[in-house]
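Structure, as structure tokens:
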Amino acid sequence: MKLWLAHTKAELLALLRTPGFLIPTMLFPSMFFLMFAAPNLPGPEAANFATGSFMTFAVFTVTFFQFGVGTANERENPWSSFVRVLPASPLYRTAAKVTTAAVLALLAALVLVLASAASTPLDLPLARWPRIFLALAAGGVMMGMLGTALAYLVTPKAALPLANLIYLPLAFMGGMWMPPELLPKIVQGLSPYLPSRQWMELVWPAVMGTSWDTVHWLAVAGFTVAFALLAGWAQRRDEAVR
Amino acid sequence: MIASVKDVHKRLGRVAALRGVSLEVHEGELLALLGPNGAGKTTLVSLLVGLRSPDRGTLRLAGGDPRQPATRRVLGLTPQATGFPPALRVREVVELVRAHYPHPQPTEALLDRFGLGELAARNVQALSGGQARRLAVALAFAGNPRLAVLDEPTTGLDVGSRRALWREIERFRREGGTVLLTTHYLEEAEALADRVAVMNRGRIVSEGSPEAIKRRVGLKRVRFRAAECPELAGVERHEREGDLHTLWTADADALVRQMVEKAAAFADLEVLPVSLEEAFLAVLDEEEAA
């Protein structure tokens with residue numbers, strides 16, 4: 001507990017003191033939402049749907065970059081080797097990273113909900129929030145795993161550009177920026193096979209108050225396991241050469 | 001014995017970094033691991049502190065496996081001076097490290113001892129090279145370890161800061177601590193160590209008292225002009241270009257004395273230092289080839 005707190009504190013302090021990273025990450029999804037989505041939302045249904053999509057986008061941004069680019073930067077910094085040999089199970093550091101990402105993701109989602117509440121006829125009853133929270137968290141774990149895999153697969157310098165190259169198309173084709181029926185035809189065909197779309201299929205029922213279809217939970221679980229295995233393999237490969 | 005290494009091999013990518021290393025660290029001693037850059041010192045340390053696993057061979061730390069976090073509670077070590085986290089302050093870094101140990105040093109006392117009291121609120125990235133080195137060594141002692149592993153603790157320090165760090169290392173030892181120190185300064189090994197193990201190209205090539213090691217690798221170059229050079233004892237290597245002679249020796253004073261006694265007609269006498277790297281090339285590689 002003490003170690004988890006100590007590591008979480010260190011991670012959060014480091015983030016709070018680098019506003020150049022923190023503020024854009026927090027504000028980018030909301031800015032996108034206000035510019036492109038908010039002006040075209042006629043009623044509460046559409047507002048709820050779009051808010052769900054962009055909240056997911058916000059959580060995606062934080063988890064994917066925090067674990068992708070963050071882990072890649074750590075690989076370059078000898079400090080992380082030092083911390084690794086301090087007498088503590090690596091679980092504490094992982095737990096601290098997950099906590100940090102969760103705090104940031106919550107903040108980013110909160111900023112988005114506030115932006116939406118101020119600019120659209122958003123109407124999300126309190127009863128829907130536990131399911132929204134669960135769906136966001138499940139996908140956040142999945143994307144954290146994908147980010148970690150990326151961080152260990154490529155050189156630290158390549159991680160940021162590659163992360164952007166993966167993240168923007170995944171968000172777009174997964175339906176985070178517009179409802180899937182408005183996507184180009186070819187993308188519509190591709191979309192259901194993407195982890196981002198499967199994630200949306202969990203978030204949309206949660207914001208709309210409809211029931212979940214088990215198959216999407218299985219898909220998200222499957223992607224999570226696959227990304228975790230890939231991350232584990234890439235990490236062992238990386239340790240073997242260093 | 002607090003740490004032992006038995007016939008350890010480690011390959012890093014294509015490089016055979018360790019090629020059969022065996023070494024023991026005894027409780028209470030200061031063992032210096034001496035060798036030129038690239039000898040394998042840092043790799044050996046990284047295995048001993050549990051950062052990597054050996055390809056072959058065994059390592060024990062306080063009777064346990066250093067890969068197990070609980071085993072490493074006896075261990076304190078220095079981070080590389082360049083590698084502090086991006087945005088933490090000196091005090092925060094010390095406290096993060098302390099949190100890992102059951103009986104750590106009080107933060108204030110530790111900071112004061114290493115001359116960091118005034119800098120406690122400073123961002124670690126804003127420290128000078130010497131201050132960062134002091135913090136690195138302070139972190140090795142923060143957890144009150146039984147064994148402190150100091151990887152190149154004084155590289156790049158001025159004489160004053162180096163002496164100050166040496167004093168803190170001595171003090172840790174008086175309180176019963178064991179130190180394993182890597183260095184490529186022979187003077188540092190000489191000043192601090194009870195025992196020196198010399199590494200070269202992934203092997204321990206020599207082990208002994210600092211004096212004995214100094215006799216083997218603490219070379220000087222004596223250079224002079226002379227038409228003829230008399231027979232002299234204690235010359236490791238003799239180079240000649242025209243009338244310019246360069247003699248490599250462990251004891252330059254004795255060599256010059258011999259030359260005077262033998263009434264050699266020399267001019268332009270110079271005594272030049274030999275870096276450890278050069279000494280290794282001159283002495284150890286020849287021995288290995290023989």
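The values are calculated or read from the model by the stated rules, or taken from the named source; none is laboratory data. Treat the numbers as computed from the prediction; the structure is a model and nothing was measured. Cβ coordinates were reconstructed from backbone atoms using ideal geometry, including for glycine residues, and neighbour counts include every protein chain displayed.
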When the range A:143-160 is checked residue by residue, the ones that are over 16 Å from A:Thr63 (Cα atoms), part of a helix (DSSP H, G or I) and not basic (Lys, Arg) are A:Leu153, A:Pro156, A:Ala158
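Is at least one residue of the range A:69-79 in contact with a helix residue (DSSP H, G or I) (Cβ under 8 Å, 6 or more places away or on another chain) and over 26 Å from B:Val90 (Cβ atoms)?
So far as the range A:69-79 goes, yes, one or more of its residues are in contact with a helix residue (DSSP H, G or I) (Cβ under 8 Å, 6 or more places away or on another chain) and over 26 Å from B:Val90 (Cβ atoms).
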Sort out for me the helices (runs of 4 or more DSSP H) sitting completely within the range B:193-283 that have 3 or more residues that are over 30 Å from B:Arg173 (Cβ atoms) and out of contact with any strand residue (DSSP E or B) (no Cβ under 6 Å at 6 or more places or on another chain). B:252-261
Is there a residue being within 14 Å of chain B (Cβ to nearest Cβ), part of a helix (DSSP H, G or I) and modelled with pLDDT under 95 anywhere in the range A:163-173? no
Of all residues being buried (at least 20 other Cβ atoms within 10 Å of the Cβ), small (Gly, Ala, Ser) and more than 8 Å from every other protein chain (Cβ to nearest Cβ) in the range A:71-101, which is nearest to B:Pro79 (Cα to Cα)? Just the residue, please. A:Ala72
Taking the criterion of being closer than 25 Å to A:Ile23 by Cα, touching a Phe, Trp or Tyr at 6+ places or on another chain (Cβ under 8 Å) and away from chain B (no Cβ under 14 Å), would at least one residue in the range A:118-133 satisfy it? no
Restricting attention to the range B:61-80, which residues are more than 9 Å from chain A (Cβ to nearest Cβ) and within 21 Å of the chain's Cα centre (by Cα)? B:Leu61, B:Gly76
Note on the range A:110-154: residues buried (at least 22 other Cβ atoms within 10 Å of the Cβ), touching a Leu at 6+ places or on another chain (Cβ under 7 Å) and of a type in the set (Ser, Thr, Tyr) are A:Ser116, A:Thr120
So which residues in the range A:176-205 are within 27 Å of A:Thr71 (Cβ to Cβ) and surrounded by 14 or more Cβ atoms within 10 Å (Cβ to Cβ)? A:Met176, A:Trp177, A:Leu194, A:Pro195, A:Ser196, A:Arg197, A:Gln198, A:Trp199, A:Met200, A:Leu202, A:Val203
Which pairs turn up if I take residues in the range B:3-32 that are in the same structural domain as B:Arg203 (by TED's automatic domain parsing) and among the small types (Gly, Ala, Ser) and look for partners that are in a loop (DSSP other than H, G, I, E, B) and surrounded by fewer than 15 Cβ atoms within 10 Å (Cβ to Cβ) with beta carbon separation below 7 Å, at least 6 apart in sequence or on another chain? B:Gly28/B:Gly176
